[in-house]
Amino acid sequence: LGAALPGSAQESPQASLESLRPADGFEVTLWAHEPMVSNPTSIDIDSRGRVWIAEGLNYRLQAGGNNEFKRLPGADRIKILADTDGDGRADRMTVFATDLFPPPLGLAVQERWQGGVYRGARVFVGNSPNLLVLEDTDGDDRADRRTALLTGFGGIDSDHGVHGMTLGPDGWLYFTQGDGR
């Protein structure tokens, strides 16, 4: 039954929003919800305010020898969400990459600009046993090159794997590796 309902939440987006209690002086609004995004595992925001989201709908389905659920092909992916009309809500979604099983648990986006023109992106993805690099080489917001930059990480299909990607102001990539063997 769980595999048959890949985009359903446990409560409605509105109910979830109403349950939040922001600190004085802060406001909470709903920017995106299912089915535009499901089971996010990591996010990054690019220079244009677009939100890059790693989704892991197959996350932990095989943990501990669990064979009850069947894998959903193409469900572990990276999407780009954008608010194109400036109303404070995501209204456009582009699938950057699919078939990232085991589920991606971290991402960091490095944009490529040349002469003020967007030329694509390089996305570092925590995807144990690999740290992947997905590249959009032609600026169409779709990965057309996939390379394993590093491999051999433990914690496959687990939050104990490679995750927590960020590009520092020094241009270096920083990430964490859990205690997965």
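Numbers at a glance
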item	result
Verdict on G115 being over 17 Å from the mean Cα position of the chain (by Cα), on the phi > 0 side of the Ramachandran plot and open to solvent by less than 30 Å² (accessible area, probe 1.4 Å)	no
The stretch 91-120, residues that are more than 15 Å from D141 (Cβ to Cβ) and not in a loop (DSSP other than H, G, I, E, B)	G106, A108, Q114
Count of the stretch 85-129 residues which are in contact (Cβ under 8 Å) with a residue 24 or more places away in the chain and either polar (S, T, N, Q) or touching a helix residue (DSSP H, G or I) at 6+ places or on another chain (Cβ under 6 Å) (or both)	5
Residue match in the stretch 89-97 (condition: crowded, with 18+ Cβ neighbours inside 10 Å, out of contact with any His (no Cβ under 7 Å at 6 or more places or on another chain), at pLDDT below 90 and not β-branched (V, I, T))	no
Filtered residues of the stretch 68-82 (kept if in a loop (DSSP other than H, G, I, E, B), in contact (Cβ under 8 Å) with a residue 40 or more places away in the chain and open to solvent by less than 50 Å² (accessible area, probe 1.4 Å))	L72, A75
Residues (closer than 15 Å to L100 by Cα, in a loop (DSSP other than H, G, I, E, B) and open to solvent by 40 Å² or more (accessible area, probe 1.4 Å)) located in the stretch 144-158	D144, I156
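The values are calculated or read from the model by the stated rules, or taken from the named source; none is laboratory data. These numbers were taken from a predicted model, which means no experiment stands behind them. Cβ atoms come from the backbone with ideal geometry, glycine included; neighbour counts cover every protein chain shown. The protein model used for the area step is the full one, side chains on, heavy atoms only, and it has no ligands, DNA or RNA in it. Shrake-Rupley method; radii C 1.70, N 1.55, O 1.52, S 1.80 Å.
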